[in-house]
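Visitor: What follows is a structure written as structure tokens; I'll ask about it next.
The values are calculated or read from the model by the stated rules, or taken from the named source; none is laboratory data. This structure is a prediction, so every number in the text was calculated from the model and none was measured. All Cβ positions, even for glycine, are placed from backbone atoms using ideal geometry, and neighbour counts span all protein chains on display.
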Amino acid sequence: MLRKTLLASSIVLGLAACSDNAPTQPVAEAPTAVEVVAQTAQLPDSNPFKHASTLQYQAPDFTKITDEHFKPAFEAGMAEHMAEIDAIANNPEAATFENTLVAMEKSGALLTRTAMVFYNLSSSTSNDARRALETEMGPKFAEHQDNVYLNAKLFERVKAIYEHRAELGLDAEAQRLTEVTYEQFVRAGADLTPEQKLKVRELNKKLSELTNQFGQNLLAASQGNAVLVTDLAQLAGLSEGAIASAKAAAEKGGQEGYLLTLTNTTRQAALSSLENRELRQRLWEASAFRATSGEADNQAILTEIATLRAEKAALFGFNNWAEYKLQSQMAKNPNTVMDLLGSMVPKVVANAQKEADDIAKMMAADGIEGEVQAWDWLYYAEKVRQQKFNLDAGEVAKYFVFDKVLEDGVFYTMNRQYGITFKPRPDLPAYHPDVEVYEIFDKDGESMALFYADYYAREGKRGGAWMNVFVGQSHLLNTQPVIVNVMNIEKAGEGQPQLVSFDEATTMFHEMGHAVHGLFSDVTYPSLAGTNVSRDFVEFPSTFQEDWAVHPEVIANYAKHVETGEPIPADLLAKVMAASKFNLGFDTLEYLASALLDMEWHTISADAKIDSVAGFEAKALEKHGVKLDAIPPRYKSTYFAHIFAGGYSAGYYAYLWSEILAADAFAHIRDTGGLTRERGQLFRDKILSMGNSQDLMETYKGFKGDEPTTEALLIRRGISLAK
């Protein structure tokens with residue numbers, strides 16, 4: 001997954017601040033240049049954000065950065081940026097591409113480098129100080145962002161360039177920048193009346209507060225709902241490593257026993273192995289009903305978020321938030337999304353029902369009659385998997401040694417496809433002892449980027465896996481990529497080999513797909529660079545990369561036994577591959593349920609009355625034929641951080657949309673040459689290097705020659721194509 005904050009995204013675009021000239025707007029006047037120079041000068045030279053880092057490629061110098069540096073750097077950065085934007089808006093010369101759009105792209109350097117470091121650290125190494133600063137600064141950043149998009153004079157200049165773009169002799173990328181920037185201003189409210197702009201500001205500020213509170217509540221609820229077990233016998237079925245981790249978690253929290261902590265999805269890993277049915281139910285309910293009561297209750301917050309978003313969309317003339325949000329996506333409108341998701345439901349439900357029948361038989365063999373329950377599914381699905389494939393997960397993991405997966409799998413594949421190599425750089429500081437830094441060299445041997453590998457779970461790190469950037473690529477700014485991949489692999493015990501699951505190995509390839517999307521960016525303007533693409537395109541390069549994890553040449557190079565060094569046997573690999581397609585009816589259905597739930601929350605009208613979150617969920621799932629009690633949504637509403645705390649509102653479908661592109665692209669590469677430098681260079685040149693420099697469907701068609709189909713996706717997910 002690509003993790004990106006709204007603020008950081010806007011700052012990368014060079015669009016963060018200026019004052020609106022509407023007289024009814026109660027916003028402080030922008031400081032004068034003299035005032036800004038004075039304020040910025042107050043930031044001491046000892047603050048590492050005052051100037052660009054002197055390390056290679058402006059990599060952050062983490063030996064100098066402390067939490068005390070962020071707030072003053074943010075404040076000075078906002079003041080400096082406001083003055084830069086104000087100077088552009090009030091330039092007495094006629095608007096030109098150079099003195100307006102290019103100047104905006106160059107603005108906000110101090111604010112950008114501060115935000116990029118802060119939001120990376122707040123995701124990967126959060127603490128009380130960083131969480132408090134997020135809460136404090138969120139509304140200020142929302143207002144700060146509004147100050148650029150709602151500036152009347154600035155918009156006049158952008159609009160003038162947009163309306164005359166065909167006459168200005170702009171190259172294709174400059175044309176794209178002009179169009180994208182204009183659309184962003186319009187979507188932010190630049191064409192609204194002064195009264196409407198004021199309302200947008202109020203809504204943005206409130207939404208910033210609410211989304212931040214949703215995230216804070218979810219963190220508290222996830223920690224508070226962790227399940228404490230005092231009787232070791234109840235943990236029968238868990239591996240020794242999992243039991244040790246549970247014991248360590250309890251000790252860290254000052255508790256006696258074993259603490260089963262919650263990850264961010266409805267399903268919990270322990271549900272597949274815990275033999276005690278009552279404990280499975282307890283763990284599942286702790287996960288599925290978190291943030292539904294007490295001080296961390298998110299129900300009222302999420303309904304207010306959905307309603308306020310609908311109210312904001314109405315200001316722009318849209319019927320709902322999804323209509324407004326999807327204008328800038330490949331899908332364009334909610335009906336397209338609903339049709340796409342709905343077209344898959346019958347086949348997916350049929351596959352899931354077959355899986356349920358097998359599980360029910362396995363439960364009956366254990367003397368358990370009746371309907372399959374949600375807390376039974378993963379446990380008995382694993383039993384069915386074992387019966388069908390006779391796989392021992394522990395034995396399989398012995399062929400997936402972390403270092404070999406990374407170096408002989410991921411790095412090897414990047415070299416085979418794109419010719420790049422990775423060199424450890426222990427001399428460059430990282431933000432945590434677990435983080436490794438690498439320098440990346442291109443096919444011609446020239447240094448081109450830095451890569452930070454942050455793969456291990458720890459306190460203060462958000463769940464899941466993601467890629468982000470510390471420094472983005474731009475010919476205009478003469479910057480090279482500084483990229484980070486983040487995961488949550490549990491560290492092995494002291495003296496034990498670091499093994500990973502097959503799924504974790506695949507995720508390492510996935511996140512590297514995001515990394516090379518940023519790495520190979522070859523554009524001029526930072527706002528169009530790398531992963532600054534629509535939500536329903538951004539997961540395409542990463543998902544495409546997943547399938548190379550099981551390419552015969554690749555897996556033969558890295559899947560070797562931890563003790564003997566022998567490659568994974570062909571029959572075992574065949575079982576692993578077959579098993580990887582097992583239970584995909586469940587997996588796909590829980591995803592579809594969440595994606596459809598997201599669309600239902602964001603197609604409500606501004607005057608909708610939501611009496612019950614649970615009732616709304618049930619009605620939404622029944623409407624689309626995906627309400628199966630044994631297969632709940634991957635995320636239920638109160639912990640659906642993607643859409644209520646992150647940037648995926650009306651966009652969770654994007655994972656599936658991107659997977660369609662990825663499956664289609666992989667099939668095309670496979671059928672026209674496979675794992676070769678020539679095919680890798682094609683993907684690099686036509687997809688990875690392009691960023692958002694042209695219409696994204698045109699980018700795809702430039703790669704393949706036509707639009708994608710869904711056939712390869714269904715095959716990839718093991719869904720029967722039979723009618």
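Visitor: Can you tell me which residue is surrounded by the fewest Cβ atoms within 10 Å (Cβ to Cβ) among those in segment 256-287 that are free of Cβ contacts under 8 Å to residues at least 60 places away in the same chain and not in a loop (DSSP other than H, G, I, E, B)?
Guide: GLU278
Visitor: What is the number of the single condition among (1) farther than 15 Å from MET512 by Cα; (2) surrounded by fewer than 19 Cβ atoms within 10 Å (Cβ to Cβ); (3) not aromatic (Phe, Trp, Tyr) that GLU407 does not meet?
Guide: (1)
Visitor: Ok, one more. Given the conditions (1) buried (at least 19 other Cβ atoms within 10 Å of the Cβ); (2) outside any strand (DSSP E or B), and given that GLY460 satisfies all but one, which numbered condition is not satisfied?
Guide: The one condition GLY460 does not meet is (1).
Visitor: Checking ARG290 against (1) under 29 Å from GLN498 (Cβ atoms); (2) part of a loop (DSSP other than H, G, I, E, B); (3) not hydrophobic (A, V, I, L, M, F, W, C): exactly one of these is not met. Which one?
Guide: Exception for ARG290: condition (1).
A quick yes/no check of all residues on (1) farther than 30 Å from ILE359 by Cα; (2) among the β-branched types (Val, Ile, Thr); (3) part of a helix (DSSP H, G or I):
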site: ALA608; (1), (2), (3): yes, no, no
site: GLU622; (1), (2), (3): no, no, yes
site: TYR635; (1), (2), (3): no, no, no
site: THR638; (1), (2), (3): no, yes, yes
site: ASP664; (1), (2), (3): yes, no, yes
site: GLY673; (1), (2), (3): yes, no, no
site: GLY680; (1), (2), (3): yes, no, yes
site: ASN692; (1), (2), (3): yes, no, no
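Visitor: Would you call SER222 at pLDDT below 95, in contact with an Asp or Glu (Cβ under 6 Å, 6 or more places away or on another chain) and either among the hydroxyl-bearing types (Ser, Thr, Tyr) or within 30 Å of GLN145 (Cβ to Cβ) (or both)?
Guide: No; evaluated as a whole, the condition is false for this residue.
Visitor: Condition first: in contact with a helix residue (DSSP H, G or I) (Cβ under 9 Å, 6 or more places away or on another chain), free of Cβ contacts under 8 Å to residues at least 60 places away in the same chain and of a type in the set (S, T, N, Q). Now tell me which residues in segment 399-444 satisfy that.
Guide: Within segment 399-444, THR421 is the sole residue that qualifies.
Visitor: Can you go through GLU369, GLU304 and tell me which one is over 24 Å from GLN216 (Cα atoms) and either within 24 Å of the chain's Cα centre (by Cα) or without any contact (Cβ under 8 Å) to a residue 40 or more places away in the chain (or both)?
Guide: Among GLU369, GLU304, only GLU369 is over 24 Å from GLN216 (Cα atoms) and either within 24 Å of the chain's Cα centre (by Cα) or without any contact (Cβ under 8 Å) to a residue 40 or more places away in the chain (or both).
Visitor: Still on this structure, I have one more. Restricting attention to segment 487-515, and to residues there that are of a type in the set (A, V, I, L, M) and crowded, with 24+ Cβ neighbours inside 10 Å, which single residue is nearest to GLY691 (Cα to Cα)?
Guide: ALA515
Visitor: Answer with yes or no whether GLY445 is small (Gly, Ala, Ser), on the phi > 0 side of the Ramachandran plot and out of contact with any strand residue (DSSP E or B) (no Cβ under 9 Å at 6 or more places or on another chain).
Guide: no
Visitor: Sticking with this one: Please go through segment 72-86 and pick out each residue that is surrounded by 19 or more Cβ atoms within 10 Å (Cβ to Cβ) and not acidic (Asp, Glu).
Guide: ALA73, PHE74, ALA76, GLY77, MET78, ALA79, HIS81, MET82, ALA83, ILE85
Visitor: Follow-up. Among the residues in segment 154-161, are any assigned by TED's automatic domain parsing to the domain that holds ASN91, among the basic types (Lys, Arg) and under 28 Å from the mean Cα position of the chain (by Cα)?
Guide: Looking through segment 154-161, none of the residues is assigned by TED's automatic domain parsing to the domain that holds ASN91, among the basic types (Lys, Arg) and under 28 Å from the mean Cα position of the chain (by Cα).
Visitor: Being over 30 Å from ALA52 (Cα atoms), over 23 Å from the mean Cα position of the chain (by Cα) and among the polar types (S, T, N, Q), is that true of even one residue in segment 553-566?
Guide: Yes, there is a match, as at least one residue in segment 553-566 is over 30 Å from ALA52 (Cα atoms), over 23 Å from the mean Cα position of the chain (by Cα) and among the polar types (S, T, N, Q).
Visitor: Here's another thing I want to ask about it. Considering only segment 463-520, state which residues are within 16 Å of TYR399 (Cα to Cα) and aromatic (Phe, Trp, Tyr).
Guide: PHE502
Visitor: Residue by residue through segment 534-548, note down the ones that are assigned to a loop (DSSP other than H, G, I, E, B) and buried (at least 24 other Cβ atoms within 10 Å of the Cβ).
Guide: The one that is assigned to a loop (DSSP other than H, G, I, E, B) and buried (at least 24 other Cβ atoms within 10 Å of the Cβ): GLU539.
Residue-by-condition table, conditions (1) of a type in the set (S, T, N, Q); (2) more than 26 Å from GLN473 (Cβ to Cβ); (3) in a helix (DSSP H, G or I):
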{"site": "THR506", "(1), (2), (3)": "yes, yes, yes"}
{"site": "GLY513", "(1), (2), (3)": "no, no, yes"}
{"site": "VAL516", "(1), (2), (3)": "no, no, yes"}
{"site": "GLU553", "(1), (2), (3)": "no, yes, yes"}
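Visitor: Of all residues being of a type in the set (Val, Ile, Thr) and outside any helix (DSSP H, G or I) in segment 555-586, which is nearest to ASN351 (Cα to Cα)? Just the residue, please.
Guide: Checking each candidate, the answer is ILE568.
Visitor: Looking at ASP706, ASP695 in this structure, which one is at pLDDT 85 or above and either farther than 15 Å from VAL533 by Cβ or out of contact with any helix residue (DSSP H, G or I) (no Cβ under 9 Å at 6 or more places or on another chain) (or both)?
Guide: None of the other options fit; the residue is ASP706.
Visitor: I've got another one for you. Is it fair to say ALA115 is modelled with pLDDT of 95 or more, small (Gly, Ala, Ser) and under 29 Å from GLU75 (Cβ atoms)?
Guide: Yes; evaluated as a whole, the condition is true for this residue.
Visitor: Just to check your reading of the model, which residue among GLY647, GLY718 is outside the structural domain of PHE509 (by TED's automatic domain parsing), surrounded by fewer than 22 Cβ atoms within 10 Å (Cβ to Cβ), on the phi > 0 side of the Ramachandran plot and at pLDDT below 95?
Guide: Residue meeting the stated conditions: GLY718.
Visitor: In segment 695-710, which residues are assigned to a loop (DSSP other than H, G, I, E, B) and surrounded by 16 or more Cβ atoms within 10 Å (Cβ to Cβ)?
Guide: PRO708, THR710
Visitor: Which residues, counting only those in segment 219-242, are polar (S, T, N, Q), surrounded by fewer than 16 Cβ atoms within 10 Å (Cβ to Cβ) and not in a helix (DSSP H, G or I)?
Guide: THR230, SER239
Visitor: Among the residues of segment 173-182, is there at least one that is surrounded by 15 or more Cβ atoms within 10 Å (Cβ to Cβ), hydroxyl-bearing (Ser, Thr, Tyr), within 24 Å of VAL469 (Cβ to Cβ) and in contact with a Ser or Thr (Cβ under 8 Å, 6 or more places away or on another chain)?
Guide: Scanning segment 173-182, I find at least one residue that is surrounded by 15 or more Cβ atoms within 10 Å (Cβ to Cβ), hydroxyl-bearing (Ser, Thr, Tyr), within 24 Å of VAL469 (Cβ to Cβ) and in contact with a Ser or Thr (Cβ under 8 Å, 6 or more places away or on another chain), so the answer is yes.
Visitor: Could you please let me know if ALA52 is modelled with pLDDT of 95 or more, within 30 Å of GLU511 (Cβ to Cβ) and not in a loop (DSSP other than H, G, I, E, B)?
Guide: Against the criterion (modelled with pLDDT of 95 or more, within 30 Å of GLU511 (Cβ to Cβ) and not in a loop (DSSP other than H, G, I, E, B)), ALA52 does not qualify.
Visitor: Which condition number does ARG176 fail, the rest of (1) closer than 30 Å to GLY394 by Cβ; (2) in contact with a Phe, Trp or Tyr (Cβ under 9 Å, 6 or more places away or on another chain) being met?
Guide: (1) is the only condition that ARG176 fails.
Visitor: Could you say which residue among THR672, THR638 is among the β-branched types (Val, Ile, Thr), crowded, with 22+ Cβ neighbours inside 10 Å, touching a Lys or Arg at 6+ places or on another chain (Cβ under 8 Å) and outside the structural domain of TRP284 (by TED's automatic domain parsing)?
Guide: One residue alone meets the criteria, THR638.
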